[in-house]
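Presented below is the structure to which this report refers.
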Amino acid sequence: MKNLEDYVVPWVREAESYSDRHLEFAWQHPDIVRMMSNENPLPPSEAVIDAVLNTARQGNLYPDTGGKLRKILGERVGLTADNVVLGNGSTDVINFILETFVAPDDEVVISVPTFPMYETRTRVNGGIPVLVPMQANFYWDVGALISAVTTRTKLIFLCTPNNPTGNNLAEDDLRRILALGIPTFVDEAYYELAEHPYTYAHLIREFPNTIINRTFSKAYALAGLRIGYAYADERVISFLNRMKIPWNVSLIAISAALAALEDKEDQQLKRKTILEGRRFLCEQINLLPGFRAFPSDGNFVLIDASILGKPSAEIVNELIARGVFVRPMGGHHLQGYIRVTVGSPEQNRFFLDKLGALAAEWIATQ
């Protein structure tokens, strides 16, 4: 008799899933300040909560395709509802785009460090991730990305502003990559939180291989309600609609997204909170001797804490013991680096107090 594992397709059996243990830990320890997952520190607005409660009364009905939401989203960038596909969070979008374009043993080019979901979902879907390191200054190595493309390349992943480095890819460089004609996923998850927001959605008409990803998790604070979306050429959207699961976005999530888009005052408050908090964190971190905070257009700040002389995980574990949870960057091949999510003013000050105290203790013993 075969082992049960023998029935699992090889690429799933050999792959590792994206680890969400950090979130499990955070939920189990509500006393620890969670600044590790790029969540918005502010809750959904009252308008969103009202929409969720009202829509829950229709929970016996299947949702539609979110036509009204897709129309509004399309119009915001000069496109139509037919240029928009919704997902159960942008992670769902990432997955069904991979399923649409990538067969087992096809290659996917990924600039790293970046959101690790691209690599893990590529492996789970049977693809081969081709990882192209950024330059030493954390800018994309565009020449290396182009050189990494082969006849087996079926998809390219780019993130701008990039997680965890926080910087943006220049349009001229993106055009060089898009000119290859390969489906290219441009992740704009943090678009609304940039100092000067700039989208590449306009390139879809010129380069129909462009796919622009967005989410309601960051700027709109709907991470727990799971709603993301992508802009693409109508032909691409038609294929994505064949691959995605029907009713993949709940009626409640669609209503919450519509309410969040209408609440301009809440949008401004959330953006102001992030921009002011980000500036404050960068300014204060850079005042700590030996530390460096990298400029960011996301709701996070990458920190070079290698002055402490410890691995990233050890730094994070010590900060957890002091009551604040940030993200280690060792898994991104950035040993000694950590990433902190922009929190509320109180959370930001708490983190800085704990980091400063830890630095004073550890550096004094060196």
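The values are calculated or read from the model by the stated rules, or taken from the named source; none is laboratory data. Just so it is clear, the model here is predicted, and its values are computed rather than measured. Note that we place each Cβ from the backbone using ideal geometry, even for glycine, and neighbour counts take in every protein chain shown.
Can you tell me which of (1) among the aliphatic types (A, V, I, L, M); (2) modelled with pLDDT under 95; (3) touching a Ser or Thr at 6+ places or on another chain (Cβ under 8 Å) is the one Met329 doesn't meet?
(2)
Take residues that are among the polar types (S, T, N, Q) and at pLDDT below 95 and tell me which of the helices (runs of 4 or more DSSP H) falling wholly in region 10-82 contain 1 or more.
Here the list reads 21-28.
Which one of these is buried (at least 21 other Cβ atoms within 10 Å of the Cβ), closer than 19 Å to Asn163 by Cβ and within 23 Å of the chain's Cα centre (by Cα): Ser255, Ser312?
Criteria check complete, one pass: Ser312.
Taking Leu288 and the conditions (1) surrounded by fewer than 16 Cβ atoms within 10 Å (Cβ to Cβ); (2) touching a residue at least 60 places away in the same chain (Cβ under 8 Å); (3) not charged (D, E, K, R), which numbered condition does it fall short on, given that it satisfies the others?
Every listed condition holds for Leu288 apart from (1).
Give me the pairs: first residue in region 296-325 and on the phi < 0 side of the Ramachandran plot, second residue of a type in the set (Asp, Glu), beta-carbon distance under 7 Å, and six or more apart or on different chains, which are they?
Close Cβ pairs satisfying both conditions: Asp297/Glu195.
Residue by residue through region 231-263, note down the ones that are under 17 Å from Glu188 (Cβ atoms) and either outside the structural domain of Ala56 (by TED's automatic domain parsing) or out of contact with any strand residue (DSSP E or B) (no Cβ under 8 Å at 6 or more places or on another chain) (or both).
Those that are under 17 Å from Glu188 (Cβ atoms) and either outside the structural domain of Ala56 (by TED's automatic domain parsing) or out of contact with any strand residue (DSSP E or B) (no Cβ under 8 Å at 6 or more places or on another chain) (or both): Ala257, Ala260, Leu261.
Checking the structure you have, find out if any residue of region 162-178 is among the acidic types (Asp, Glu) and within 25 Å of Leu281 (Cβ to Cβ).
Checked region 162-178: no residue is among the acidic types (Asp, Glu) and within 25 Å of Leu281 (Cβ to Cβ).
Among the numbered conditions (1) at pLDDT 95 or above; (2) not assigned by TED's automatic domain parsing to the domain that holds Val236, tell me where Ala103 comes up short.
Checking Ala103 against (1) at pLDDT 95 or above; (2) not assigned by TED's automatic domain parsing to the domain that holds Val236, the one that fails is (2).
Can you find a residue that is in contact with a Phe, Trp or Tyr (Cβ under 9 Å, 6 or more places away or on another chain) and farther than 26 Å from Gly59 by Cβ anywhere in region 247-265?
No.
Taking the condition of being among the polar types (S, T, N, Q) and surrounded by fewer than 10 Cβ atoms within 10 Å (Cβ to Cβ), how many residues in region 1-35 meet it?
2
With the requirement that a residue be in a strand (DSSP E or B) and in contact with a helix residue (DSSP H, G or I) (Cβ under 9 Å, 6 or more places away or on another chain), what does region 291-333 give you?
Arg292, Ala293, Phe300, Val301, Ile303, Val324, Phe325, Arg327, Pro328
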